[in-house]
Each structure stands twice: as structure tokens, then as C-alpha cells.
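Chemist: Pasting in a structure now, in C-alpha cells, and then I'll have a few things to ask.
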Amino acid sequence: MAHTIVSDVCEGVADCVDACPVACIDQGDGKNSKGTDYFWINFDNCIDCGICLQVCPLEGAILAEERSDLQKRR
Ligand code: SF4
Ligand code: SF4
């Protein structure tokens, strides 16, 4: 299992990127439906530590489950 960044909730703050111990969070191409930058988690490398969820300032942007239907990968 992995954590998920909900692409259309994320606002691209990027606190999660530097906090991730395995560097598995990358920026998505273009903008999300809110017109902001967004990031995505590589499900294959995520170790489910939950640190990204603790540092993200945006309620609901990160989920502690793997939801490919809510996360754009690029
Ligand atoms: S998931 Fe949260 S901390 Fe990570 S880029 Fe999006 S808003 Fe920022
Ligand atoms: S749960 Fe941990 S390993 Fe997975 S994306 Fe978040 S910080 Fe990175």
C-alpha cells in the first residue's frame, strides 16, 4: 500500500517533498482543476511512513491509502 496525494486538493505547497524519506514525491505536469501546481506519490517506492500526511498543511490533500483514481501521476 501507499499514500495518495489527491491531485485536485493539493495546492503545490511542497512541504511533503523534502519531508519524504525516500524521495518518492514528484511534481505533476501542468495544473490541477484549481489551477495550482500539484504533486504525486510514486506508489512503487512509498514506504507508508505517513510523514507527508503530518507535514501537509492542507486538509484532505494526502490520504493514508492507495487511490489511483484520485491521483494524477503526471
Ligand atoms: S500534498 Fe500537501 S504538502 Fe504536498 S504539495 Fe500538496 S499541498 Fe503541499
Ligand atoms: S508516506 Fe512516507 S514514503 Fe510515502 S510519500 Fe509519504 S513521506 Fe513519502
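Just so you know, all these numbers are worked out from the coordinates, no wet-lab data involved. Bear in mind the structure is a predicted one, so any value in this text is a computation, not a measurement. No Cβ is skipped: glycine too gets one built from the backbone with ideal geometry, and neighbour counts run over all protein chains shown.
Chemist: For every helix of n ≥ 4 consecutive DSSP H residues, a contribution of -39,500 (n - 2.57) applies; sum these over the chain, divide by its total residues, and give [θ] at 222 nm rounded to the nearest 500 deg cm²/dmol.
Modeler: Working: 2 runs with 10 residues, N = 74.
Here the helix-only value at 222 nm equals -2500 deg cm²/dmol.
Chemist: Another question, if that's okay. Measure off 7 Å from each Cα along the Cα-to-Cβ vector at Leu58 and Asp15, then give the distance between these two points in nanometres to one decimal.
Modeler: 1.2
Chemist: Right, next: What FRET efficiency comes out for the pair Asp69/Thr36, r = Cβ-Cβ distance, R0 = 25 Å, nearest 0.05?
Modeler: Numbers: r = 20 Å, r/R0 = 0.80.
Efficiency, from the Cβ-Cβ distance: 0.80.
Chemist: Further, regarding this structure: Please list log₁₀ I(q)/I(0) at q = 0.18 Å⁻¹ for the chain, using the Debye equation with identical point scatterers on the alpha-carbon positions.
Modeler: These q points yield log10 I(q)/I(0) values of -0.56.
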